[in-house]
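Reading through the structure tokens given below for one structure.
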Amino acid sequence: MTPTNPHSNNDPDGLAVTIGQHSQVGRKERNDDSYGVLVPDMPLLETKGIAMAIADGMSSSEAAKEASESCVKTFLTDYYCTHESWTVKTSVARVLTAVNRWLYGQGQMQYLSNRGMVSTFSGLVLKSGAAYIFHAGDSRIYLLRDGDMEPLTTDHRVRASRDSEYLSRAFGIDANLEVDYRTLPVSTGDMFVFTTDGVHEFIRDGAMVAHIEAHGDDMDGAARAIVDAAYENGSNDNLTCQVVRVDDAGEADRDTYYKQLTSLPFPPDLAPGMVLDGYRIEREMHASKRTQVYLATDTENDKTVVIKTPSVNFEDDPAYLEMFTREEWVGKLISNPHVLKVVEPVRKRNFLYYVTEHIDGQTLRQWMHDNPRPSLQAVRDIIEQLVIGLRAFHRKEMIHQDLKPENIVIDKLGTVTIIDFGSARVAGLDESGTPVSLPDLLGTVGYAAPEYRTGDKPTNRSDIYSLGVIAYEMLTGKLPYGEGFTNARSVTRLQYTPATQHSPEIPSWIAGALAKALRKDAAQRYEALSAFITDLTQPSPEFDEARTRPLLDRNPLAFWKWFAAISLVVNLLLLFSLGSK
């Protein structure tokens with residue numbers, strides 16, 4: 001497989017590597033090895049990193065080359081098609097699971113013709129100062145650092161006899177494959193050496209290091225020298241070596257990062273009638289210490305939009321700028337009828353702001369004021385729509401983190417939309433890291449889950465907690481823990497008030513579902529949004545009071561019948577005991 005990128009990329013502001021590669025058929029009739037590196041353009045270079053891999057098709061199969069190429073090509077291309085918000089582990093796992101099952105399926109169909117598709121695979125993603133390694137089989141990845149060569153993978157081979165071994169793990173052998181995974185920090189100057197067994201079984205690690213050091217910046221020469229040495233030492237297999245030197249580990253420099261955040265100036269004070277980059281300001285809709293929101297008209301098509309601008313109070317605050325720009329980025333990733341749509345700019349922006357669709361409606365807070373005693377069905381309808389919107393976040397490994405009535409809008413047709421996601425936690429971005437320290441305590445007191453105050457890591461269950469608070473408040477007019485959690489001490493001190501204490505007419509099974517969603521311990525809450533909405537829609541045996549109340553309360557007549565029967569039996573036993581003495 002030929003290289004899939006230039007041999008080096010020298011972006012001074014991001015991840016950069018230099019690549020050397022060499023492969024030869026050796027003493028075999030065909031070369032079943034595949035290899036490659038893909039360095040994407042920005043912004044994928046920042047959000048997804050650089051992918052590299054090597055694979056060795058099992059030579060006993062006629063389709064060995066096809067198998068190894070499928071592993072490498074699919075990994076290098078499909079990884080970059082996964083959501084930018086996903087972590088490396090999630091993205092690669094999805095890709096590798098798919099390619100393994102495809103190879104297995106193809107091999108099963110071609111079994112009688114000896115075209116089983118089996119291959120080793122060793123892949124690595126370099127992103128933001130870290131290496132993420134995925135491996136199955138007996139190809140290898142080494143780390144060369146300060147002259148020391150360390151294997152990062154373990155060979156999956158089993159010895160059948162003194163003279164024979166076989167692969168215990170490889171792609172295409174079984175429909176379900178366990179892939180080794182590990183991650184480690186990377187520094188500028190580190191080198192990763194990829195080899196197939198035709199190389200590393202016929203040359204010592206120290207000799208590989210010597211060849212690499214002897215060739216300096218000639219990475220192709222180093223890879224060729226390693227392959228030639230293994231061949232001269234009697235290798236009887238295909239020989240492939242790939243050397244990748246890390247020229248920039250991709251850890252953002254604070255000054256450079258701040259310059260990127262402030263590349264656009266803050267907008268001037270806006271007033272009705274002013275035009276900002278083709279948007280005519282109609283009126284101010286909302287203003288706070290942190291942002292201003294304006295109703296505007298696109299002068300090119302007369303479409304009504306909303307413009308959100310940052311507050312000049314935070315012009316020199318990198319953390320604030322990071323969160324403001326992240327909100328637009330998150331909005332562009334999500335396309336869902338219950339999440340506010342961010343409008344892609346069609347003209348050059350000269351200032352820092354972003355544009356969204358305009359929703360003609362009221363916030364959920366206003367709706368709650370207008371509907372202090374809503375029906376169960378009205379509450380279910382709102383929660384069901386919020387679940388659809390939140391699920392769009394969770395499927396892309398995002399947590400909203402600030403769900404509350406003020407961040408939800410209901411239009412005149414009853415459509416519910418989540419409108420604010422500046423506090424969203426994005427797993428892929430957290431993995432990338434920034435030199436800016438973002439605030440740890442996000443969310444709004446009263447609606448934020450207790451783990452935000454105790455320092456535990458938030459998960460999708462943190463959003464389920466916030467959703468539970470909203471449902472509880474719509475039905476009772478109160479908050480489940482009073483004023484809410486302000487610190488770790490308040491988490492211990494405050495006690496949950498069952499919904500039925502505020503509103504006795506609430507069915508016990510609804511109250512039970514709310515209580516489960518609002519547990520202090522995240523592990524005891526619902527794991528999935530679907531389970532919560534199901535329990536709000538139909539009675540769950542878990543919360544069926546008819547089964548959990550004492551028999552005396554449920555059916556007094558039956559209780560006394562059983563009591564009389566048991567008393568009769570006890571009395572007879574006593575009489576029998578006395579008569580036998």
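Some observations on this one:
- According to the Kirkwood relation over distinct C-alpha pairs, the hydrodynamic radius of the stretch 200-244 is 10.4 Å.
- Proximal charge balance of TRP86 [Cβ under 14 Å; K/R count +1, D/E count -1]: +2
- 12 Å beta-carbon shell around ALA207, net charge (K/R +1, D/E -1): -3
- Given [x] 42.0; [y] 30.7; [z] 27.7, the label whose value is mean projected area of the Cα convex hull in nm² derived from this model: [x]
- Shape class of the stretch 257-357 from the Cα gyration tensor (axes a ≥ b ≥ c, square roots of the eigenvalues): oblate, since a/c reaches 1.5 or more and a/b does not exceed b/c.
- Taking the helices alone, the chain has a mean residue ellipticity at 222 nm of -10500 deg cm²/dmol, built from -39,500 (n - 2.57) per DSSP H run of at least 4 residues and averaged over all its residues.
- Computed label-point distance, nm, for sites ALA319 and ASN176 using a 7 Å Cα→Cβ extension: 4.5
- Those residues of the stretch 285-320 whose amide nitrogen sits under 12 Å from the label point placed on LEU264, 7 Å along Cα→Cβ: 307-310
- Per-residue Cβ neighbour counts within 10 Å put SER85, SER530, SER508 in the sequence SER530, SER508, SER85, beginning with the fewest.
- Exceeding the 32 Å Cα-Cα cut-off - candidates LYS412/LYS478; LYS396/LYS520; LYS332/LYS404; LYS48/LYS516; LYS127/LYS457: LYS48/LYS516
- Ordered by the count of other Cβ atoms within 10 Å of each Cβ, fewest first, ARG27, ARG391, ARG425 give ARG27, ARG391, ARG425.
- Magnitude of the charge dipole for the stretch 350-393, about its Cα centre and with charges confined to Cβ atoms of Lys, Arg (+1) and Asp, Glu (-1), is about 200 debye.
- Working from Cα pairs under 8 Å separated by at least six residues, relative contact order for the stretch 361-545 is 21 percent.
- At R0 = 30 Å, FRET efficiency that the Cβ-Cβ distance of TRP102 and ARG395 yields, to 0.05: 0.85
- Annotation for the stretch 461-518: GluC sites (Glu not before Pro) lying in DSSP loop with at most 11 further Cβ atoms inside 10 Å of their Cβ are GLU483, GLU505.
- Inter-part distance where the stretch 359-396 and the stretch 60-133 are each reduced to a Cα centre, Å: 42
- Least to most buried among HIS502, HIS400 (fewest other Cβ within 10 Å first): HIS502, HIS400
- Inter-centroid distance (Cα atoms) of the stretch 303-332 relative to the stretch 337-357, Å: 11
- In order along the stretch 284-297, phi translates into HN-Hα couplings of 7, 9, 7, 9, 9, 5, 9, 8, 10, 10, 10, 7, 9, 10 Hz, rounded to whole numbers, per the Karplus curve 6.51 cos²θ - 1.76 cosθ + 1.60 with θ = phi - 60° and x for Gly and Pro.
- Comparing LEU167, THR183, ALA225 along the charge dipole axis of the stretch 163-232, the residue lying farthest to the positive side is THR183, per the Cβ-charge model.
- Contact order relative to length of the chain, as percent, for alpha carbon pairs under 8 angstrom and 6 or more apart: 11
- Nearest-20 debye value, the chain charge dipole, Cβ charges on Lys, Arg, Asp, Glu: 2760
- Taking label points 7 Å from Cα along the Cα-to-Cβ direction, ASP302 and ALA207 give a separation of 8.0 nm.
- Rounded, prolate or oblate (a/c below 1.5 giving rounded, otherwise prolate when a/b exceeds b/c) for the stretch 139-240 by Cα gyration tensor: oblate
- The residue among ALA424, ALA207, VAL346 whose Cα reaches farthest toward the positive pole of the charge dipole of the chain, with charges on the beta-carbon of Lys, Arg, Asp and Glu, is ALA424.
- Dipole of the stretch 287-351, positive end: most advanced residue of ASN336, THR304, LEU321 [Cβ charges, Cα centre]: ASN336
- Taking the centroid of alpha carbons for each part, the stretch 140-197 and the stretch 486-521 are 50 Å apart.
Throughout, read-outs are computed from the coordinates displayed, never taken from laboratory work. Values in this document were obtained by computation on a predicted structure and should not be read as measured data. Methodologically, a virtual Cβ is constructed for each residue, glycine included, from the backbone with ideal geometry; neighbour enumeration extends over all protein chains shown.
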